[in-house]
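Report on the structure given below.
The values are calculated or read from the model by the stated rules, or taken from the named source; none is laboratory data. It should be emphasised that the depicted structure is a prediction, and the values quoted were computed from it without experimental measurement. Here the Cβ is made from the backbone with ideal geometry for all residues, glycine too, and neighbour counts use every protein chain on show. Protein only, heavy atoms only, side chains kept; ligands, DNA and RNA dropped before computing areas. Shrake-Rupley method; radii C 1.70, N 1.55, O 1.52, S 1.80 Å.
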Amino acid sequence: MKINFRTLGYAAAACMGLYAFSGCNEATVLGKDLIPGGDLVNVKDTTLNNLITYNVAKADSSVWTGADIYTGALGSITDDPIFGKSHGFLYTQVGLPSSAFTFAGTGQVLDSVVLYVGVDTVWYGANAPINLKVYQMNEPTFKIDSYYSYTRPLAYDPAKLIGNVNALPVYPKDSLNIYGVKKAPALRIPLTSAFGNLLLQQRADAAFLSDSAFKVFLNGLAIVPDTLSGRTMLFPTLANGVTRMDVYYHNSTDDSLIASFPFSTSSSGHANYFVRNYLGAEINQYINTNKPEPMIYFQESPGTYVQLEMPGLENLPKSVINKAELVITEISSGLAGKDDVFAEPERLMLWRYITHDSLGYVVDYGNPSNPDLAYFGGNKTVISEVGGIKVVQYKFNIARHLQFIIDKKLDNSVFKLEAVSNRYNIDMRRVKAGGGNAIQPANIKLRVIYTQL
């Protein structure tokens, strides 16, 4: 059972959780494979519960959008009382069907115009509608070969609203049937007739002359989520071949005509503006406090991470480290259903600080080009699922690192713990866990088994 220490109102749940944990032997919680076989009188088994944890939230200078990065986040999460709000804005350009393009025939009449955005068929949060508005952009330097920080909003004209839709997540089987032709699933946003008719008025010797001329006419499209109400985050995948703007029309002789203005990886600018807002959420009182905290909070990048200190490792007696396992245990939000809607990260990563702001690998990670992840650990593991409420743990093996410290080959430096995504550079999964001074056994801990020399 998950443990929740957030308020006194959850005290009973906390006691029950502690009882459930204590009902298991400690080897179940920490890993029964830690204890070596045989009657080795010099083998010591100790658990260090004096670890110190700090929650950190700051802009991540390593996260960029645009250029050759075609994924991002689009939508809003406004109903997570633990981690607060998140908003993703998407900016993209589309190009001409061809140079010196003209619509077929004469007497063209608009049927509709639709913007299709390639998105992953997985999403974060609820399977609920998210309101999205589309505006014409007026960002003068918006172009394909530029990287943009996720913290930078790009300019659009609020007076040029050309689309407004309540969109649901896209399923793998949501193929589109367009005039009898099946198309891959995509986010579908109808645009206004006024904008469609404006497109029909353009000519091959002006806005439709070349791609550069077209981008002067249509600088780009800003897809803006409702930031006041939203429970869903989508993940655009612009380079999957389905992002485009289709104009459906007929002329004096033909029906069911389509002009497709595609997203191009070689010419279409794109970017993602992503915002975390912790005001009013539980996490807000525990981040950037510069003091040890009883709860620790992980969000996939760009989000919160944890600085970890393990005081006294260098004072362990001269010994051979048989195993050293760092254990991080989830704490329930205490809110029914929320821990299922807001999924935990599949993996955490442990780094060591070489300098104040320079990170290095822990030796147990192995060769960075071919890491030994099976040994090093960090993967999410469900250790208990009682009454439909699960307990998740993350474990790291750091025996070699600890041996280096005891042998005076490494200093006992500060660590960084963070959630990492194997999917996108901007991702949403999160987990709340026990910090260094949380009530045992939910606290972060290091179990060491060593042979004293």
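For every other residue with a beta carbon closer than 12 angstrom to the beta carbon of Asn50, add +1 if it is Lys or Arg and -1 if Asp or Glu, then tell me the sum. Taking every other residue near Asn50 into account, the sum is 0.
Taking every Cα-Cα distance in the range 396-446 and sorting them into 5 Å bins from zero, the calculated P(r) comes out as 4, 14, 16, 17, 18, 17, 11, 3, 0 percent.
Computed across the range 147-280, the Kirkwood radius stands at 17.5 Å (inverse of mean 1/r, all Cα pairs). As a length-normalised measure over Cα pairs under 8 Å and 6 or more apart, the relative contact order of the chain settles at 27 percent. Note on the range 352-423: with neighbouring protein chains present and a 1.4 Å probe, carbon and sulfur make up 49 percent of its accessible heavy-atom surface. Placing R0 at 30 angstrom, the Cβ-Cβ distance between Ala100 and Asn166 gives a FRET efficiency of 0.20 after rounding to 0.05.
Other residues whose C-beta falls under 14 angstrom from the C-beta of Lys408 contribute a net charge of -1, scoring Lys and Arg +1 and Asp and Glu -1.
Pairs with C-alpha atoms separated by more than 27 Å, drawn from the list Lys58/Lys432; Lys58/Lys173; Lys390/Lys445; Lys160/Lys338, are Lys58/Lys173; Lys160/Lys338. Per-residue ellipticity at 222 nm, computed for the chain from helices alone with -39500 (n - 2.57) per DSSP H run of at least four residues, works out to -2500 deg cm²/dmol. Between Ser210 and Ser266, the FRET efficiency estimated from the beta carbon spacing at R0 = 22 angstrom works out to 0.95. Using a probe of 1.4 Å, the accessible surface attributed to Met295 totals some 10 Å² when neighbouring protein chains are kept in position. For Leu313, Leu257, the ranking by accessible surface with the largest value first comes to Leu257, Leu313, using a 1.4 Å probe. For the range 177-335, the solvent-accessible area of protein heavy atoms averages 39 Å² per residue (probe radius 1.4 Å; ligands and nucleic acids excluded). Centroid-to-centroid, using Cα positions, the range 77-111 and the range 397-453 are 44 Å apart. Taking only protein heavy atoms and a 1.4 Å probe, the accessible area of the range 211-286 is 49% carbon and sulfur. The mean of 1/r over all distinct Cα pairs in the chain, once inverted, gives the Kirkwood hydrodynamic radius of 24.7 Å. Apolar share of the accessible surface for the range 75-154: 52 percent from carbon plus sulfur atoms, 1.4 Å probe.
The alpha-carbon of Lys323 sits under 13 angstrom from the alpha-carbons of these aspartates and glutamates, leaving out residues fewer than 8 places away in its chain: Asp33, Asp45, Asp364. Taking Lys and Arg as +1 and Asp and Glu as -1, the other residues whose beta-carbon sits under 12 Å from that of Thr71 total -2.
Modelled label positions at Asn422 and Ile354, each set 7 Å beyond Cα in the direction of Cβ, lie 2.7 nm from each other.
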